[in-house]
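These notes concern the structure reproduced below.
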Protein chains: 2
Amino acid sequence: MSKGAAETMQRGIETTLLSAIVEGRLHPGSRLSENQLAEAFEVSRTLVREALARLEARHIISVRPRRGWFVNRPSPEEAAAVFAARRAVEYGFFKTAAPFNDDQIARLKAHIAEERAAIEQGDKAQLTFLMGDFHTRIIALSGNEPLEEVMRNLTARTILISLRYQSSAGALASHRDHCDIADAISRGDMDAAAELSLSHLEDVESGLLMQEPADPLVDLRNTLRLDPVQDGRAT
Amino acid sequence: MSKGAAETMQRGIETTLLSAIVEGRLHPGSRLSENQLAEAFEVSRTLVREALARLEARHIISVRPRRGWFVNRPSPEEAAAVFAARRAVEYGFFKTAAPFNDDQIARLKAHIAEERAAIEQGDKAQLTFLMGDFHTRIIALSGNEPLEEVMRNLTARTILISLRYQSSAGALASHRDHCDIADAISRGDMDAAAELSLSHLEDVESGLLMQEPADPLVDLRNTLRLDPVQDGRAT
DNA sequence: CGTACCAATCTTGTATGCAAGGCTTGCGTG
DNA sequence: CACGCAAGCCTTGCATACAAGATTGGTACG
């Protein structure tokens, strides 16, 4: 904590941006200005660029040469591929993972409780984050860090897809699915969890409005609310 | 090809380094000097740093502040986790993927032929690359780019594990396994492919010498052969 | 009135220079 | 002879300056 102010900053930019995205405060297509970010974080563009490069390597954002950095706006094709990837990973995880112990089950139920609280309180940002993080946290609880990272990146992309194609509905249905999956895990029935996870993802995907939204409108909206980047720490 | 000389360079550094790693020319623990790389590629350190940052985001290399960049040297724990992740991903892929069509099968068999040729010609670098790329290419043939990327990163890390713990044996056994998996896919029996893939990975993992190698000796060897980085384009 | 062109401005791309910290190595001392 | 210490070198960390391209807005002309 004391020494790491410098080294932490670089990773802090990456984390802060990713948080803004997975909490739905940064929308697909949003422009990320190097200058604005540098000003907001009070560092030079060099640091910002390295953080952006890392996020690009994770397929969360992308750069168009001499144009700018943008939060990825997944195409229907990419969206389908990401969902297929998630199905493969989650199904494979449950099918090859050991049953959870009591401590892991307790932590899982704690997450479910968090989801419920966010729903009751209507905390939309927190809910957006939690609904995606559910799947990541399951793998995190298993202790497999590489797979957790994979899942974290895929869920981030899933959130971008949802923000673009979903009418913000289905949160309650998803929560119910999560409860069912958690129950299966609690029973030690990982096979059931695998199947439930599969159908859950299929339901979520088929609930999306997969027609390409009118681009100009989306771009305009994003242009008009560039502020969330600064997030209350404006000059 | 024509315009992209600049933008390509940045990605070219990343790709070149990754190729050197997955072909076994850069060993785990190797130091990657920003200055040497900048000289080798005839660019400034800025470009090199961004490429290195991207590779770090992919968990291929890592930086120790004020010390240097190093090719990752996976610990036994990390190695186990990476193998577990691969098992989950590959098993899940086969279990959720559609059977391959004739064209995909033909391309798959072409890869098998490449492996055989590399074995017969004793091209060790090519073989190291192909043995890992087999699994990535299967997913690539399915057309799922996100999962392909996941697999590419995991296999790169697997190669680092093999380079560190494997006595370079088992190539023939792995090739046989690959043939079996390809046969199952050709028959359209993806379930069999899933199971074969699982046992294949377990065999490979259990074939590793999982005791921590003597560190000083390894470091010394790597220090004495820093040259592969420059790869014949020295001043 | 519409269109084509041109310049100003803003964006990212890249190089360079300086700062700070760690490692090595040689020397001095107990 | 062993141990401690300090100076110099080499590394990365970061900021700044400059270069090149793209967009936008205005203007002149058909």
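Cα axis of helix A:145-165 to longest principal axis of chain A: angle in degrees, 0 to 90, nearest 10?
Tilt of helix A:145-165: around 70 degrees.
Suppose every Lys and Arg Cβ carries +1 and every Asp and Glu Cβ carries -1, with no other charges. What dipole size does the range B:76-206 come out with about its Cα centre, to the nearest 20 debye?
The dipole of the range B:76-206 has a size of about 200 debye.
Dividing the alpha-carbon radius of gyration of the range B:93-200 by 2.2 N^0.38 Å (N being the number of residues), what value is obtained?
Compared with the compact-globule rule of thumb, the range B:93-200 sits at 1.03.
How much of A:Arg73 can a 1.4 Å solvent probe reach, expressed as accessible area in Å² and rounded to 10?
Result for A:Arg73: roughly 90 Å² accessible.
Which value in deg cm²/dmol, rounded to the nearest 500, describes the helix-derived mean residue ellipticity at 222 nm for chain A, given -39,500 (n - 2.57) per DSSP H run of n ≥ 4 and division by the residue count?
For chain A, the value works out to -23000 deg cm²/dmol.
Name the residues of the range A:132-149, by number, that are at least 10 Å² less accessible with every protein chain in place than in the isolated chain; the surface is that of heavy atoms, probe 1.4 Å, without ligands or nucleic acids.
At a threshold of 10 Å² (probe 1.4 Å), the residues of the range A:132-149 that become less exposed are A:Asn144, A:Pro146, A:Leu147, A:Glu149.
Give the A-B buried accessible area in Å², both sides summed, 1.4 Å probe, nearest 100.
Rounded to the nearest hundred, the buried surface is 2400 Å².
Can you work out the FRET efficiency for the pair A:Ala125 and A:Asp189, with r the C-beta to C-beta distance and R0 = 35 Å, to the nearest 0.05?
0.60
Find the accessible area per residue for the range A:115-185; the probe is 1.4 Å, ligands and nucleic acids are left out, and the unit is Å².
With all protein chains present, the range A:115-185 gives 39 Å² per residue.
Tell me the carbon and sulfur percent of the accessible area for chain A, rounded to whole percent, probe radius 1.4 Å.
50 percent
Where the centre of each part is set by its Cα atoms, how far does the range B:142-212 sit from the range A:52-68, in angstrom?
That distance is 31 Å.
Charges on Cβ only, +1 for Lys and Arg, -1 for Asp and Glu, centred on the Cα centroid of the protein assembly as shown; of A:Ser197, A:Phe93, B:Pro28, which one is farthest towards the dipole's positive end?
Comparing the listed Cα positions along the dipole, B:Pro28 ranks first.
Can you pull the mean other chain C-beta count within 10 Å for peptide A:49-56?
5
Name the long-range amide H neighbours of B:Ile61: under 5 Å, sequence gap of 5 or more, or other chain; modelled H, no Pro or chain starts.
Those lying under 5 Å, H to H, from B:Ile61 are B:Glu56, B:Asn72.
Just which residue of chain A brings its Cβ nearest the axis of rotation onto chain B, and by how many angstrom, rounded whole?
A:Gly92, 1
Using R₀ = 41 Å, calculate the FRET efficiency as 1/(1 + (r/R₀)^6) where r is the Cβ-Cβ separation of B:Leu172 and B:Ser62; round to 0.05.
0.80
With springs connecting C-alpha atoms under 10 Å apart, model chain B as a Gaussian network and identify which of B:Arg54, B:Arg66, B:Arg176 has the largest mean-square fluctuation.
Among B:Arg54, B:Arg66, B:Arg176, the largest GNM mean-square fluctuation belongs to B:Arg66.
The values are calculated or read from the model by the stated rules, or taken from the named source; none is laboratory data. What you see is a predicted model; the values in this text were computed from it and never measured. FYI the Cβ positions are ideal-geometry reconstructions off the backbone, even for glycines, and counts take in every protein chain you see. The protein model used for the area step is the full one, side chains on, heavy atoms only, and it has no ligands, DNA or RNA in it. Shrake-Rupley method; radii C 1.70, N 1.55, O 1.52, S 1.80 Å.
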